[in-house]
Amino acid sequence: MEWAHTAWNMIKQNNNTRAWSQQDLSGLTRMAEIPTIPQFFAGRHVFITGASGFMGKVLVEKLLRSCPDIAKIYILMRAKRGKSPLDRLQTITNMELFDRMKQEQPHALEKLVVVTGDAIKPGLGLLAEDRQILEERVSIIFHVAASVRFDDSITYAVNMNVRGTREVAELALKMKNLVVLLHVSTTYCNTDREVIDEVIYPPHGDWKKSIEMVENIDEAVLRLITPKILGGLPNTYTYTKSLAEHLIKDYSEKIPAVIFRPSIVISTLDEPIKGWIDNFNGPVGLMVAGGKGIVHCFLADEDITSDYVPVDIAIKSMITAAWYRGSKR
């Protein structure tokens with residue numbers, strides 16, 4: 001963190017060689033005024049999309065366990081496969097992932113509030129009364145919901161990853177107490193570049209026109225022209241996540257926002273339990289299949305590096321990014 005490096009440099013420079021200057025003392029005073037992460041979240045109402053996904057589950061658990069004074073966490077959730085949103089939440093919180101949190105913060109689950117809705121629907125599918133509550137109370141948003149399949153149609157991917165992000169940003173515009181909107185993107189939304197810096201690169205398309213396109217052109221036609229739409233990008237996932245970054249960039253002129261780019265997210269390193277994962281996608285599935293003797297060999301390019309990050313490390317970084325942006329006002 002910038003302030004941590006500043007403090008350390010000040011200490012090294014002084015280190016009993018001279019008296020502390022007034023400027024030094026005022027700098028340390030300002031740093032002392034910055035809240036810790038638990039202090040930052042204390043008393044705040046947080047809105048999370050995508051809480052039923054892999055990263056979303058770990059995010060909810062970490063906030064409840066490590067930020068005990070958080071006021072409420074509102075979770076956007078839809079009915080699915082005959083289960084109501086409340087039933088789905090109970091299934092999630094019954095997972096082993098939440099056992100440690102229940103021991104350390106036995107009443108934390110009371111802070112979870114299900115908000116019925118769907119990230120792919122206009123207005124997030126929110127009821128008017130739920131929208132009003134969010135607008136009046138929420139000060140932090142984690143937008144984690146996304147379609148992460150590489151083979152989704154351009155229509156579905158745009159509606160979920162681009163239009164859904166726009167609906168979250170529009171909701172954020174009306175929030176009276178908003179201090180930060182964190183949007184989860186991906187390291188791989190610029191696969192046409194070998195090195196990715198912390199900048200937003202030129203767009204691969206126009207996010208506004210993309211929404212208009214899928215809302216007005218027949219899906220069969222869109223399937224035919226999808227390769228041309230994608231240009232040099234490999235799939236609809238990377239294309240739409242790239243568009244969503246530019247959407248957030250545009251809205252960041254009006255709301256405090258931060259874009260978070262994780263790489264390939266794998267099982268937990270340490271928290272709340274070692275090696276936890278709820279799916280066999282990506283490299284973990286390959287390792288399990290190899291360990292079981294199902295997969296004996298596979299084709300690979302030795303010149304390509306796969307960047308993995310344990311989900312608990314990614315979530316800590318995500319929370320820290322929200323804290324840093326929210327404290328920076």
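The values are calculated or read from the model by the stated rules, or taken from the named source; none is laboratory data. Fair warning: this is a prediction, and the values are worked out from it, not measured in the lab. Reconstructed Cβ throughout: ideal geometry from the backbone, glycine too, with neighbour counts over all protein chains shown.
Is it fair to say Leu59 is part of a helix (DSSP H, G or I), at pLDDT 95 or above and at positive phi?
Spelling it out, it is not the case that Leu59 is part of a helix (DSSP H, G or I), at pLDDT 95 or above and at positive phi.
With respect to Glu135, determine if the residue is touching a residue at least 60 places away in the same chain (Cβ under 8 Å) and surrounded by fewer than 20 Cβ atoms within 10 Å (Cβ to Cβ).
Here the answer is no, as Glu135 does not meet what is asked.
Based on what the data block shows, is Glu198 farther than 29 Å from Asn281 by Cα and either among the acidic types (Asp, Glu) or at pLDDT below 95 (or both)?
no
With the condition being closer than 20 Å to Phe260 by Cα, I'd like the helices (runs of 4 or more DSSP H) fully within segment 74-182 carrying at least 2 qualifying residues.
The qualifying helices (runs of 4 or more DSSP H) are 164-173.
Give segment 176-195 a look and list any residue that's under 19 Å from the mean Cα position of the chain (by Cα), at pLDDT 95 or above and not β-branched (Val, Ile, Thr), or say none.
Leu178, Leu181, Leu182, His183, Ser185
Looking only at segment 108-132, how many residues end up being surrounded by fewer than 18 Cβ atoms within 10 Å (Cβ to Cβ), within 18 Å of Val60 (Cα to Cα) and among the charged types (D, E, K, R)?
So the answer is 1.
Can you give me the number of residues within segment 247-271 that are out of contact with any Ser or Thr (no Cβ under 9 Å at 6 or more places or on another chain), of a type outside the set (Lys, Arg), under 26 Å from Ile313 (Cα atoms) and outside any loop (DSSP other than H, G, I, E, B)?
3
For Lys292, state whether it is in contact (Cβ under 8 Å) with a residue 40 or more places away in the chain, among the basic types (Lys, Arg) and surrounded by fewer than 19 Cβ atoms within 10 Å (Cβ to Cβ).
Considered against the rule, which asks whether it is in contact (Cβ under 8 Å) with a residue 40 or more places away in the chain, among the basic types (Lys, Arg) and surrounded by fewer than 19 Cβ atoms within 10 Å (Cβ to Cβ), Lys292 comes out as no.
May I ask you to verify whether Val199 is within 19 Å of the chain's Cα centre (by Cα) and free of Cβ contacts under 8 Å to residues at least 40 places away in the same chain?
Spelling it out, Val199 is indeed within 19 Å of the chain's Cα centre (by Cα) and free of Cβ contacts under 8 Å to residues at least 40 places away in the same chain.
Which of the numbered conditions does Leu222 fail, given that it passes all the others? Conditions: (1) loosely packed, with under 12 Cβ neighbours inside 10 Å; (2) farther than 30 Å from Arg131 by Cα.
It is condition (1) that Leu222 fails.
Do we find that Glu212 is surrounded by fewer than 14 Cβ atoms within 10 Å (Cβ to Cβ), more than 30 Å from Tyr308 (Cβ to Cβ) and acidic (Asp, Glu) in this structure?
Taking the combined requirement at face value, the residue satisfies it.
Of the conditions (1) out of contact with any helix residue (DSSP H, G or I) (no Cβ under 9 Å at 6 or more places or on another chain); (2) closer than 19 Å to Leu182 by Cβ; (3) modelled with pLDDT under 95, Ser317 satisfies every one except a single condition; which number is it?
In the conditions (1) out of contact with any helix residue (DSSP H, G or I) (no Cβ under 9 Å at 6 or more places or on another chain); (2) closer than 19 Å to Leu182 by Cβ; (3) modelled with pLDDT under 95, Ser317 misses (3) alone.
Condition test on Ser327, is it surrounded by fewer than 19 Cβ atoms within 10 Å (Cβ to Cβ), modelled with pLDDT of 85 or more and within 30 Å of Tyr201 (Cα to Cα)?
So Ser327 passes the test.
Looking at segment 235-282, which of the residues that are hydroxyl-bearing (Ser, Thr, Tyr) and in contact with a strand residue (DSSP E or B) (Cβ under 6 Å, 6 or more places away or on another chain) is surrounded by the fewest Cβ atoms within 10 Å (Cβ to Cβ)?
Ser263
Looking at (1) surrounded by 20 or more Cβ atoms within 10 Å (Cβ to Cβ); (2) assigned to a loop (DSSP other than H, G, I, E, B); (3) out of contact with any Phe, Trp or Tyr (no Cβ under 7 Å at 6 or more places or on another chain), which one does His204 not meet, given that it meets all the others?
(3)
If a residue has to be part of a helix (DSSP H, G or I) and among the polar types (S, T, N, Q) to count, how many in segment 225-236 make the cut?
Total satisfying the criteria: 2.
Conditions (1) assigned to a helix (DSSP H, G or I); (2) within 26 Å of the chain's Cα centre (by Cα); (3) farther than 12 Å from Asn190 by Cα, marked per residue:
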site: Ser210; (1), (2), (3): yes, yes, yes
site: Arg223; (1), (2), (3): yes, no, yes
site: Thr238; (1), (2), (3): yes, yes, no
site: Glu245; (1), (2), (3): yes, yes, no
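Quick check on this structure: which one of Asp192, Asp278 is touching a helix residue (DSSP H, G or I) at 6+ places or on another chain (Cβ under 7 Å) and not in a helix (DSSP H, G or I)?
Among Asp192, Asp278, only Asp278 is touching a helix residue (DSSP H, G or I) at 6+ places or on another chain (Cβ under 7 Å) and not in a helix (DSSP H, G or I).
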